[in-house]
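Coordinate-derived values only; no laboratory data. A quick note: this is a predicted structure, and the numbers were derived from the prediction, not measured. Here the Cβ positions follow ideal geometry from the backbone for every residue, glycine too, while neighbour counts run over all protein chains shown.
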């Protein structure tokens, strides 16, 4: 079946979902109506969003056309929910391979390639370099191999910038260049990707 296509009614406990359940995630906003995260985009499954509604943890901001029903009620699936209590975002993103790639816009910082990515220690570990934000850059496998255990100046390979410790806002800004493959129309008012404006 094509993802997102209509499916026969699905029984889930006492609820009947009148469409394919995985096709209807909810965008989760903080109490200030900003997404909890941009990349990955803060999404909950329809089950989690409905549970949060019943636990009175969120407000429904927008809904899909599709519904869930039980013998005693019917409810449209939330497409956007906002938390009732503000969650203070972390200012220090986790130091992960993915976040290094995101900071570097998923491109080699030596040649600009976007395939076969890994990461490179600017000062090689064999020469005392540490695995930190300030010493790691995204590199393609070819450039990583070419640079080897040399310093950039020794390899005549100058990176496009000095590596740095990003803030959550830096990663959000980078993430806006890589929107998810699918954005429901009800989410667009709460996201800041560069969409073409209507005249």
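Kindly identify segment 40-107 as rounded, prolate or oblate by the Cα gyration tensor criterion: order the square roots of the eigenvalues as a ≥ b ≥ c, call it rounded if a/c is under 1.5, otherwise compare a/b with b/c, prolate if a/b is larger, else oblate. Cα axes put segment 40-107 in the prolate bin.
Across segment 31-118, Cα pairs under 8 Å and at least six residues apart give a relative contact order of 23 percent. Residues 103, 66 in ascending order of nearby Cβ atoms (within 10 Å, fewest first): 66, 103.
Extending 7 Å from the Cα toward the beta-carbon at both residue 164 and residue 96 defines two label points whose distance is 2.3 nm. Can you bin segment 97-155 into rounded, prolate or oblate? Criterion: square roots of the alpha carbon gyration tensor eigenvalues sorted a ≥ b ≥ c, rounded for a/c under 1.5, prolate for a/b above b/c, oblate for the rest. Oblate, since a/c reaches 1.5 and b/c is not below a/b.
Going by neighbour counts of Cβ atoms within 10 Å, the residues 76, 125 line up, fewest first, as 125, 76.
Just so you know, the Rg over Rh for segment 70-185 is 1.18, from Cα atoms, with Rh as the Kirkwood radius.
For 123, 60, which order do you get if you count the other beta carbons within 10 Å of each Cβ and list the fewest first?
So the ranking, lowest neighbour count to highest, is 123, 60.
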